[in-house]
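The values are calculated or read from the model by the stated rules, or taken from the named source; none is laboratory data. Being a predicted model, the structure only gives us computed values, none of them experimental. Counting neighbours? That spans all protein chains shown, and the Cβs are built from the backbone with ideal geometry, glycine included.
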Amino acid sequence: MNRMERIDAGDRSVRLSLDEIRLWSEEAEKWASETGLVLPERGESLKFKLYWEGPAQAYILRVLNRLKAASPNQMQEYDVQVKALITDDKGANRVVSILFLAADPTDASRLRLGEELREIQEKLQLAKLRERFRLHQRMSVRPADISQALLDEQPQIVHFSGHGTATGALCFENQMGETHPIQPDALAALFEQFASQVKCVVLNACYSEIQANAIAEHIDYVVGMNQAIGDKAAIAFTIGFYQALGAGRTIEEAYKLGCVQIRLQGVPEHLTPVLVKKGQAKPLPREASKLQLPIESRQPTGAVAVSLVFSKDGLVIKDERELKASLTEALFAAENQLPVTFNVVLEPLEIVERYINSIESGEASPENRITKVNLLKQARTLEANKRAITAALPMLLLPPIRPAFLSVDKLIESIQGLARQLFESDYSVNADALDVFRTNDPKLKTVIWLDGAEVEGVKSATGLKSISALVGSGWDLFDLPREVRFRKAIPAIILEIIRRSEDADEPIDVLKALDLHKWSIGLH
C-alpha cells in the first residue's frame, strides 16, 4: 500500500493512501498523483486538512462524507480547511502565484497603490512560507491586459487595487490613461474562463461587493467592499490578509485577519470588506451593468464621499437623517481641507438611456430610428445638466461661500435650488423676474424667478410696497429673505459662475466671484 509522506510531523496522523482513495471512484485516477490527504488527530476530535487543486476538491469532499458514514464512531467531528496548491503527492511544497493588478486613471483622484504593492511584497518576503509564493504585478492596467496577465502568469490569487463605482464597476485605464469602467457581468465572464485556475480574487476598491458577487458565481473565494473604503483601511486589510497567507492560513482566516488589522490601525472600517464564497453569491441586479455612476475613489483618511440622487422634481430625499449626516461630514471635511466628492445619479438620464438601449436591441424600424434620435437629444441635454450639477456641488463648499451654510438645512435648500433651476421647474408664467448681479462686474449677472409668496417675502424684507420699486436700486443680496437667498439666489449665482468659467475668452476668478457680499439684487 503506497503511504503518503507525513505532513504534520507533530501530530499522530491517520493516512489514506492514494490506492485507498482510488477505491472510492475511478475519477480519482485523473488527479490522484497530485493530491495529498492528511487527517491529524488533535484531542478527542479529528481535524482534517485537505491539499488539492483543480477537480480534486469535490471528489475529496465526497470521500470524507463516505468515510464519516462508514466510521461514525471514529469520525464524529471534523473540520475541513482548504489549502490550494500546497503539496503534491510527495509532500513537496507547491508555489502559489499571486497576480497584483492596479489601475489609477489620470482623470481620477490619486491612490497609494505603490504602497499597497510594497506591503504585499514585504509581508510575503518575511513570511515563514515565503518560498511557496510568487508575486507578479501589472500597473496601469487596460482591459486587454487583464486576460493577458491571467494567461501569462496563471495565478491562483488575483488582487485588484484601484477605483470603483457605486454600481460595482471597476475602473481600469484606456489608451489615454483615462477611466475605462468594466461592469460586473463582463469581469465575471472573464473569470469564468479561468475558474479551474483562480481560487481567490481580492477586489480592493470601493463598492466592489457587487463585482464580488458576480465573480463568486465561478471563483471559490472573492473579497469585495460593501461601501467606499479609505486608503488607510484598504492597505491595512492587505497587510493582514497576506500576513496570514504567508503563515499558511486559509483564505477565510486571512480575510478575518485583514479585517482585524483594520481595527488595529484604529480605522472604523473593519466591516467594509466582505468575503463571498462560491455558491453563496447574491444575484447581480438586473440593471447594474447598464448604470454609469461617477468614480468612487478609495478616499484618503478623513475624506468624504456624498451620493445624491436627482429626479425631474429635484433632490430625492429617501432618508433625511442619512442625508444630513453625509452633508454635515462634507462641511466638516471641507473646513479641514479634506477631499469631498459628490456622486450624482440623475434618474431621468438613466430612464432615457434604458429606452435607447432597448431600441438599439430591437428592430431598426423607421419609427424606432426617429424615437432614438429624439431620445439622444434628450440624453444630451440631461448629460449637460448632470455635468453642471456635478460641477456646482463642490462650489458650495468653497471658502467664500461655505460660511453661509451654518446649518445643513440651508445647504440642502441650495442643492434643491440647483436642481430645480437646471431642470427648469422653477419658472412659471406667473413668476416675477429679479436680477442678481455682481457689483462692478455687469457681465456677471443672472435672473431668478419669484412666485407670489416669495415676492411678498421680498417686499416684507425690504420694506417696499412693490417689487417694481427695486428698479435701478442696488439692494444687497442679504436683503433677500433667507428662503429666497438659499433656494434661488445662491444656486443662480453658482450656475452663472460655472457658465462664465467655461468661457475661455473671459477667464473668471471663481473664489472672488463666490464672495456673496459683492452681489446685489434689483430690476434693470
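Observations on the model:
- Meets criteria (closer than 22 Å to Glu253 by Cβ and either surrounded by fewer than 21 Cβ atoms within 10 Å (Cβ to Cβ) or aromatic (Phe, Trp, Tyr) (or both)) for Arg142: no
- Hey, Lys512 at pLDDT 85 or above, surrounded by 14 or more Cβ atoms within 10 Å (Cβ to Cβ) and not hydroxyl-bearing (Ser, Thr, Tyr) or not: no
- Selection status of Asp441, touching a Phe, Trp or Tyr at 6+ places or on another chain (Cβ under 9 Å) and surrounded by fewer than 19 Cβ atoms within 10 Å (Cβ to Cβ): no
- Strands (runs of 3 or more DSSP E) (entirely within region 131-173) containing at least 1 residues that are in contact with a His (Cβ under 7 Å, 6 or more places away or on another chain): 170-173
- Checking each residue in region 98-118 for being assigned to a loop (DSSP other than H, G, I, E, B) and not charged (D, E, K, R) picks out Ala103, Pro105, Thr106, Ala108, Ser109, Leu111.
- Residue among Ala189, Ala212 that is out of contact with any strand residue (DSSP E or B) (no Cβ under 6 Å at 6 or more places or on another chain), assigned by TED's automatic domain parsing to the domain that holds Ser161 and in a helix (DSSP H, G or I): Ala189
- Restricting Ala392, Ala404 to residues that are in the same structural domain as Ala334 (by TED's automatic domain parsing), in contact with a Pro (Cβ under 8 Å, 6 or more places away or on another chain) and either touching a residue at least 24 places away in the same chain (Cβ under 8 Å) or crowded, with 16+ Cβ neighbours inside 10 Å (or both) narrows the list to Ala392.
- If you filter region 258-274 down to residues that are under 16 Å from the mean Cα position of the chain (by Cα) and surrounded by 20 or more Cβ atoms within 10 Å (Cβ to Cβ), you find that the one that is modelled with the highest pLDDT is Pro273.
- Only one entry of Leu129, Leu150 meets the criterion of being crowded, with 18+ Cβ neighbours inside 10 Å and either out of contact with any Lys or Arg (no Cβ under 7 Å at 6 or more places or on another chain) or among the acidic types (Asp, Glu) (or both), and that entry is Leu150.
- Across region 232-246, not a single residue is classified as surrounded by fewer than 24 Cβ atoms within 10 Å (Cβ to Cβ), in a loop (DSSP other than H, G, I, E, B) and either touching a residue at least 40 places away in the same chain (Cβ under 8 Å) or assigned by TED's automatic domain parsing to the domain that holds His163 (or both).
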